[in-house]
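> One structure is given below, represented as structure tokens, and several questions about it will come after.
Nothing in this text is a laboratory measurement; each read-out follows from the coordinates by a stated rule. Everything quoted here is computed from the prediction, not taken from an experiment. Every residue, glycine as well, gets a Cβ built from its backbone with ideal geometry; the counts of neighbours run over all protein chains shown.
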DNA sequence: TGAAAATAATTAACATTGTTAATTATTTAT
DNA sequence: ATAAATAATTAACAATGTTAATTATTTTCA
């Protein structure tokens, strides 16, 4: 029976949407089974008919957020010159996205996964590289950059950005947004040149 | 009356020691008021006579762990050549320490601070730089390294290490320890040369 | 030294959390 | 339309952080 699956997906969607709204708004600290169910218009126990636990539900939001983030970034960097310049722009937009939605940063990098989240973890771990894939390939094809060290630089960039966001969002360092962005530019200039 | 303060400090010490033991052993997930009090040999409510809340208690461990970490690292790098080589060795020992005690990593970089933890946050944010301070000064004094970019490289190193540990400990990337350490060496070579 | 006052420690209690079991409501099949 | 199946809800439990009420202990000083 196909209707059954359609309806099930629909209801799962309501819970996922509720979770996403809470994550974007109040953040991870406000995620609770009862909060989500309220927002979705169901009782808290109903959630367990569609998800094995709250962890699974929360991690199901990752794909949607990646989609949204990618779309936003692509719009933001569309006028940048392909290659290094665009990688810089992507990096900036990437940081801006997570700083705007700290709850999504927490979900992506801080929230502890339960068993069976290997697939989602893989999505998270490869996300930034996927965002830059085309531009790195462009750089390689034009031999704008030493081929051997591309993998190293990609990784370095990813680690640097994540570390920077962690210190800014979780350790209030630096204190103000402008200083962080300036810092970011300095780092990008140093790594990608 | 001085005795009062001595005794108070002693009992605070019992709670702090209990918290440290749990963090080094079971990790942050096992931190709870009742667990800590059990381990300290007191009732859970007694804790609130000495600490305003569990957050304050947990962050009071930071200083001790930094002391321990610094001592371990200093012993481990004592035979390294001063300067870049020792900075590399410090970085490796730093990562090893947090990988050995993931609960301490969580405390330092993941745990959300409450109000009034600015001082501890400052300690955390400057920790790695303090570990390398003497060797960077040596590098500068010997003009082994372009003076202008030292600050940038220091920051980059700190962000890279933290990001790397975050991905390894929290996102299982890479999966095995050896690969992570090898990765680390590649990154250190690339950043510090 | 022994009763009164101060201090420390404990138990009781509350609200919140995730999760499961028992129960009720609704939909589906015959 | 009634029986069976499915979905949704309420009740309940254990664990959490925290505060209030109560009990135990130590200190003060006559």
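> Per residue, how big is the convex hull of chain A when only Cα atoms are used? Give it in Å³.
144 Å³
> Also, I was wondering about something else. When each copy gets a label point 7 Å from Cα toward the beta-carbon at residue A:68, what are the spacings between them in nm, shortest first?
4.0
> Which angle between 0 and 90 degrees, to the nearest 10, do you get for helix B:150-171 versus the longest principal axis of chain B when only C-alpha atoms count?
60 degrees
> Between residue B:85 and residue A:100, what FRET efficiency follows from the Cβ-Cβ distance if R0 is 51 Å, with the result rounded to 0.05?
0.80
> Could you work out how far the C-alpha centroid of segment A:38-87 sits from that of segment B:105-162, in angstrom?
For segment A:38-87 versus segment B:105-162, the Cα centre distance is 32 Å.
> Right, here's the next one. Which residue fluctuates most in the GNM of chain A (Cα springs below 10 Å): A:59, A:108, A:51?
A:51
> For the protein assembly as shown, what is the calculated [θ] at 222 nm in deg cm²/dmol (nearest 500), taking -39500 (n - 2.57) for each run of four or more DSSP H residues and dividing by its residue count?
-23000 deg cm²/dmol
> So for the pair residue B:63, residue B:46, with labels modelled 7 Å out along Cα→Cβ, what separation do we get in nm?
2.3 nm
> Largest first and in whole Å, give the semi-axes of segment A:131-193's equivalent ellipsoid, each being the square root of 5 times a Cα gyration tensor eigenvalue.
27, 11, 9
> Could you bin all the Cα-Cα distances of segment B:2-54 into 10 Å bins starting at 0 and give me the percent of pairs in each, rounded to whole numbers?
26, 54, 17, 2
> How big is segment A:29-81 on each of its three principal axes, counting only the C-alpha atoms and giving the largest first in Å?
Per principal axis, max minus min of the Cα coordinates gives 51, 19, 18 Å.
> When the chain is fully extended, how far beyond the present Cα-Cα distance does residue A:33 get from residue A:193, taking 0.36 nm per residue of separation?
52.9 nm
> Using only the Cα atoms of the protein assembly as shown, construct the convex hull and provide its projected area averaged over every direction, in square nanometres to one decimal.
Over every viewing direction, the Cα hull of the protein assembly as shown projects on average to 24.2 nm².
> May I ask for the Kirkwood hydrodynamic radius of segment B:14-122, worked out over all distinct Cα pairs and given in angstroms to one decimal?
Roughly 15.0 Å, rounded to one decimal.
> Would you mind giving the average projected area, over all directions, of the Cα convex hull of segment A:78-166 in nm² with one decimal?
6.4 nm²
> For residue A:45, place a label point 7 Å from Cα along the Cα-to-Cβ direction in every copy; what are the distances to the other copies, in nm, shortest first?
3.3
> Something else now. Taking each label point as 7 Å beyond Cα in the direction of the beta carbon, state the distances from residue B:34 to the same residue in the other copies, shortest first, in nm.
Label-point separations across copies, in nm and ascending: 1.8.
> Neighbour counts of other C-beta atoms within 10 Å: give me A:133, A:123 arranged from fewest to most.
Neighbour counts put them in this order, fewest first: A:133, A:123.
> For the rotation that brings chain A onto chain B, whose beta-carbon in chain A is nearest the axis, and what is that distance in whole angstrom?
Its Cβ sits closest to the axis: A:163, 2.
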